[in-house]
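> The following block contains the structure, expressed as structure tokens.
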Amino acid sequence: MVQGMRQNSITQLGSFALNVVSDLGRMGLYLLRAVRGCFGRPFRFAEFLRQMNFIGVGSLVVIFFTAASTGMVLGLQGYYSLNKFGAEGMLGSAVALTLIMELGPVLTALMVAGRAGSAMCAELGIMRISEQLDALDCMAVDPFRYLISPKFLAALISVPLLTVVFDVVGIAGGYIAGVHLMGVSPGSYYDGMRSSVTNHDIWLGVVKSFVFGLLVVWICTGRGYFVHQIRGVGFGAQSVSKVTTQAVVFSSISVLVFDYLLTAVLL
């Protein structure tokens, strides 16, 4: 009996490993086809603009309020910590570096994944279970060029731009909290920020936002596209909800993991 349980455990472990490898290979090929579709002709410029409006403009409100609250919290907590060492003048430096290098790209990607990524996953998942994607294949229409590649391009452009908005609003929020509420000198706030933030710090934030945007759109659209091949979710309306949850969770975890990896490599 014990031997049978061991064999069953080994079988399950092997099946899980094969599923993981198969899923990674499937997603890798999916990414290559999506990138290739970005260079296909004719390019669907109208769909690209629609996705830019959905991912970028539609996310401005949540990005604005998240950035403002994050910047004000950083201003208050930064002042509380720096005041213990008499270094209130470095508040601008602390707020700006924290937002530009870390919190700006990460929180922007997480907000986009929760708002736009989940919607893209659900959209493609519903199109898959309703056989709309199969109909495109039957009509010799490339679903990547028609649907997926415009989403990739829009996300790769929108997420870095949203990150810039997040950084600017967050720094302004830190200024309001530190200068107007806590009494820090405006000159020291700006001077500390200007003297400490370098081009390398800015480019690190840009690279992170670009990679995070790619991860979010890749994972979210890929899970929806392959909803019929993912083990354990079934096939139907309930499978779309499960896969959408998986997409948001996986993309969020990927953003956090790659944040550490990019920081360790590029810092």
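> If we count other beta carbons within 10 Å of each Cβ, what is the order of Asp137, Asp201, Asp167, fewest first? Walk me through the numbers on the way to the answer.
Values: Asp137 11, Asp201 15, Asp167 23.
Fewest to most other Cβ atoms nearby, the residues stand as Asp137, Asp201, Asp167.
> In the Gaussian network model of the chain, springs joining C-alpha atoms below 10 Å, which of Gly178, Gly224, Gly58 carries the largest mean-square fluctuation?
Gly58
> Test of understanding: ordering Ser254, Ser158 by Cβ neighbours within 10 Å, fewest first, what list do you get?
Numbers: Ser254 19, Ser158 26.
Ascending number of Cβ neighbours within 10 Å: Ser254, Ser158.
> Find which of Ser93, Leu153, Met27 sits farthest along the positive direction of the dipole of the chain, computed with +1 on the beta-carbon of Lys and Arg, -1 on that of Asp and Glu, about the Cα centre.
Checked the options; the winner is Met27.
> Now for a separate question. Using the eigenvalues of the Cα gyration tensor, what equivalent ellipsoid semi-axes result for the chain when each is taken as the square root of five times the eigenvalue, whole Å, largest first?
Details: eigenvalues 332, 114, 47 Å².
That gives 41, 24, 15 Å for the three semi-axes.
> Need one number: convex hull volume per residue for segment 132-267, Cα atoms only, in Å³.
For segment 132-267, the hull spanned by Cα atoms encloses 152 Å³ per residue.
> Top mean-square fluctuation among Thr11, Thr163, Thr244, Gaussian network model of the chain, C-alpha springs under 10 Å?
Thr11
> Continuing with the same structure: Would you mind checking the tilt of helix 2-38 against the longest principal axis of the Cα atoms of the chain, expressed as 0 to 90 degrees and rounded to 10?
With both axes taken from Cα atoms, the answer is about 70 degrees.
> Run the numbers on segment 1-139 and let me know its relative contact order in percent, using alpha-carbon pairs under 8 Å that are six or more apart.
Details: 28 pairs, mean separation 28.6, N = 139.
It rounds to 21 percent for segment 1-139.
> Let me know the charge dipole size of the chain about its Cα centre in debye, to the nearest 20, where only the beta-carbon of Lys, Arg (+1) and Asp, Glu (-1) is charged. Kindly include the intermediate steps, with their values, before the conclusion.
On the way: 17 positive and 13 negative charges, 115 e Å.
Dipole magnitude for the chain comes out near 560 debye.
> At 222 nm, what helix-only mean residue ellipticity would the chain give, in deg cm²/dmol to the nearest 500, using -39500 (n - 2.57) for each DSSP H run of four or more? The partial results should precede the final answer.
Working: 11 runs with 203 residues, N = 267.
Only helices count here, giving -26000 deg cm²/dmol.
> Next question, about the same structure. Of the candidates Leu24, Leu97, Leu49, which one comes out as most mobile in a Gaussian network treatment of the chain with C-alpha springs shorter than 10 Å?
Ranking Leu24, Leu97, Leu49 by mean-square fluctuation puts Leu24 first.
> Under 4.7 Å Cβ to Cβ, no partner at all: give me those cysteines from the chain, in residue order.
Flagged as lacking a Cys partner: Cys38, Cys138.
> Same structure, new question: For an R0 of 51 angstrom, estimate the FRET efficiency from the Cβ-Cβ distance between Ser22 and His180 and round to the nearest 0.05.
Computed FRET efficiency for Ser22 and His180: 0.35.
> Which one of Gly40, Val206, Met193 is farthest out on the positive end of the charge dipole of the chain, using unit charges on Cβ (Lys, Arg +1; Asp, Glu -1) and the Cα centre as origin?
Of the options given, the answer is Gly40.
> Using alpha carbons only, how many degrees (0 to 90, rounded to 10) separate the axis of helix 60-83 from the longest principal axis of the chain?
Compared with the principal axis, the helix lies near 40 degrees.
> May I pose another question? Counting other beta carbons within 10 Å of each Cβ, put Trp203, Trp218 in order, fewest first. Write out the running numbers ahead of the final one.
Working: Trp203 12, Trp218 23.
Exposure proxy ranking, most exposed first: Trp203, Trp218.
FYI, it's all coordinate maths here, none of it is from the lab. From a predicted model like this one, the values you see are computed outputs, not experimental measurements. Cβ coordinates were reconstructed from backbone atoms using ideal geometry, including for glycine residues, and neighbour counts include every protein chain displayed.
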